[in-house]
Amino acid sequence: MPIFPVARWRSRVDRPCMLKRPSLVPACLDCRRWIPFLGIFAALAPHFSSAETLTSAPPPFAQTTPSAVYTLEDAFPALQFDQPVAIVSAPGEKQRLFIVEKTGRIQLVSGLDGPSPQKQLFLDLSNPRDGKLETSSECGVLGLAFPPDFAKSKRCFVYYSLRIDGKLNQRLSQFLLKSNDPNRADAAGEQPLWTQPDPADNHNGGDLHFGPDGYLYISVGDGGAGDDHFDNARFITKGFFAGILRIDVDKRPGNLSPNPHPGIAHDPSGAAFYAVPADNPFVGATTYHGSPVDQDAVRTEYWATGLRNPWRFSFDPATGRLFAGDVGQNTYEEVDIITKGGDYGWSYREGTHPFTNGPGRDRVPSGFKPIDPIFDYSHSAGICVIGGVVYRGQSFPDLRGLYIFTDFGTGLVMTLRETKAGWVAETLTREPGVSGLGYDPRNGDVLFANIGQGKIKRLKHGEPPSASVRYR
Ligand SMILES: [Ca+2]
């Protein structure tokens, strides 16, 4: 089912384009800075099948034949979801899975080992306490994370979009379980951490994960429109934009109060509901890109900068490395390993390539020292990277240690293998409409949220070989 009316979609995609696209992909995709990428592919997803032949040119990486043929199957045939975007587990739990629905609800799937897993409502943000939920374009309920002490603290964190007095905001909030129901969070007891005005409904990031250090990592986009129109990406003194943030929701001793920001919530004493880890990379920063910055205005929450729209990211459970998919503008998609204080180049670069349509064009500062993505691919292979996960399960020994991710548009399900010569990409299968990946907490199987179909898929060995991706 399309997630918004086709007529509205057509009105957006009929804008003139400068470039041509493969026949299966609408010409508008090059202009998607004006198009909600999730919406458009939910509408397109029914037009693809895993056995189709791509008419585009082969991708710019070797088309290798996996040692086994893979496909995706419906993980929960009896369960339907409403635009799923994230698949989340709670620490230490094997029998519950949480599915974040962009349209306002978080569903809990229980009884994973049983013959018929059940779905029930975990948290309903359809009508948030402080405003109106916004679900258009790339807005909605976008991320969920449980802290390491969830079993004791019974709290979770959610990132979502809402309008307050008609104005769009992105919000990070804490929720608690209801006292009498371990399977339900209490929407009425919401405690916002911050609420940031957002100039456009796209490029919101919105993924949440606790790292191995117990801190909460948050992905944020550049605000939106296109070409870094609002000029947020090149600075660390504006809002919560264009990077990965790291905060301490436990307010451990020695950590710091955040610098003032009008969107940060405070308790009656004036204290924020989180702290900034004292060793965050921009604590005490006096320069950025070689230019002086006001220490009191630095968003010390930054862990890494220079990302356009890091829609989905994950931690490798074995190594703790942080992998992110950063959605590109018109030409390149990229996968990054995010490191402390790393600058990933936007909006001076798109992938490893100079970006000359941004607000900083022709004025790249001498202090600009970006980190290359581990992999980027051109729009001949895809148009919207969906960051995935490192496979650490037992079912598929040939995939162990590989990073598995997808392209939302062409549906390529790809792997990245680390070699002495660098990262090598392979194509596993094809599934358009995937908007997020996660794990089955029982066995580490990779799960895929297909926003167009409203289904959770599972990677499996497939037959026959004709179901694999072919190029001509
Ligand atoms: Ca935005």
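Values in this text are rule-based calculations from the coordinates and carry no lab data. A quick note: this is a predicted structure, and the numbers were derived from the prediction, not measured. Every residue, glycine among them, receives a Cβ derived from its backbone with ideal geometry; neighbour counts consider all protein chains shown.
By the rule of a C-alpha distance below 21 Å, with chain neighbours fewer than 8 residues away ignored, the lysines paired with residue 460 are 94. Derived scalar couplings between HN and Hα for the stretch 111-127 equal x, 4, 7, x, x, 9, x, 10, 10, 8, 6, 9, 8, 10, 10, 4, 10 Hz in order, rounded to whole Hz, by the Karplus curve 6.51 cos²θ - 1.76 cosθ + 1.60 (θ = phi - 60°), x for Gly and Pro. Amide H to amide H distances under 5 Å link residue 462 with 69, 70, 71, where only residues 5 or more positions off or on other chains count and H is placed in the peptide plane.
Peptides 363-376, 435-448 ordered by packing proxy, namely the average of other Cβ atoms within 10 Å per residue, highest first: 435-448, 363-376. With unit charges on the beta carbons (Lys and Arg positive, Asp and Glu negative) and the dipole taken about the Cα centre of the stretch 130-267, which residue among 194, 164, 232 sits farthest to the positive side? It is 194.
Extension gain, residue 266 to residue 237, is 8.4 nm, computed as 0.36 nm per intervening residue step minus the present C-alpha separation. Other residues lying with their Cβ under 15 Å from the Cβ of residue 291 contribute a combined charge of +1, Lys and Arg counting +1, Asp and Glu -1. For the stretch 87-224, the alpha carbon positions stretch 44, 31, 27 Å along the principal axes, listed from largest to smallest. Using θ = phi - 60° in the Karplus curve 6.51 cos²θ - 1.76 cosθ + 1.60, the 3J(HN,Hα) couplings for the stretch 254-266 round to x, 7, 10, 6, x, 5, x, 8, x, x, 7, 6, 10 Hz; x is entered for Gly and Pro. Rg/Rh, computed from the Cα trace of the stretch 223-289 with Rh as the Kirkwood radius, has the value 1.01. The residues neighbouring residue 149, those whose beta-carbon lies less than 10 Å from its own, together hold a net charge of +2 under the Lys/Arg +1, Asp/Glu -1 convention.
Legend: ranking of residues 423, 311 from fewest to most surrounding C-beta atoms inside 10 Å; resulting order 423, 311. Convert 25 °C to kelvin, take the viscosity as 0.890 mPa s, use the Kirkwood radius over C-alpha pairs of the stretch 153-206 as Rh, and evaluate the Stokes-Einstein diffusion coefficient in µm²/s, rounded to a whole number. It diffuses with D of about 201 µm²/s by this estimate.
Counting neighbouring beta carbons within 10 Å and listing from fewest to most, the residues 101, 334 come out as 101, 334. Using the alpha-carbon positions of the stretch 203-262, Rg (one decimal) and Dmax (whole number) come out as 13.2, 41 Å.
Working from Cα pairs under 8 Å separated by at least six residues, relative contact order for the stretch 132-267 is 19 percent. Around the Cα centre of the stretch 246-322, unit charges on the Cβ atoms of Lys, Arg, Asp and Glu (plus for the first two, minus for the last two) sum to a dipole of about 300 debye. Packing order of peptides 134-144, 312-322, 182-192, highest average first: 134-144, 312-322, 182-192 (average count of other Cβ atoms within 10 Å over each peptide's residues). Taking other C-beta atoms within 10 Å as the exposure proxy, 308, 400 rank 400, 308 from fewest upward.
Note on the stretch 174-314: percent of Cα-Cα distances in each 5 Å bin, starting at 0 and stopping at the bin with the largest distance, equals 2, 10, 17, 21, 21, 16, 8, 3, 2, 1, 0. Between residue 129 and residue 321, what's the calculated FRET efficiency when r is the beta-carbon distance and R0 is 45 Å? Round to 0.05. For residue 129 and residue 321, the calculated efficiency is 0.75.
Electrostatic tally near residue 377: other residues with Cβ closer than 9 Å to its Cβ, Lys and Arg +1, Asp and Glu -1, net -4.
Given Cα pairs under 8 Å that are at least 6 residues apart, what percent is the relative contact order of the stretch 224-289? About 31 percent, as a whole number.
Taken over the alpha carbons of the stretch 68-149 as equal point scatterers, the Debye sum produces base-10 log I(q)/I(0) values at 0.11, 0.17, 0.22 Å⁻¹ of -0.35, -0.76, -1.09.
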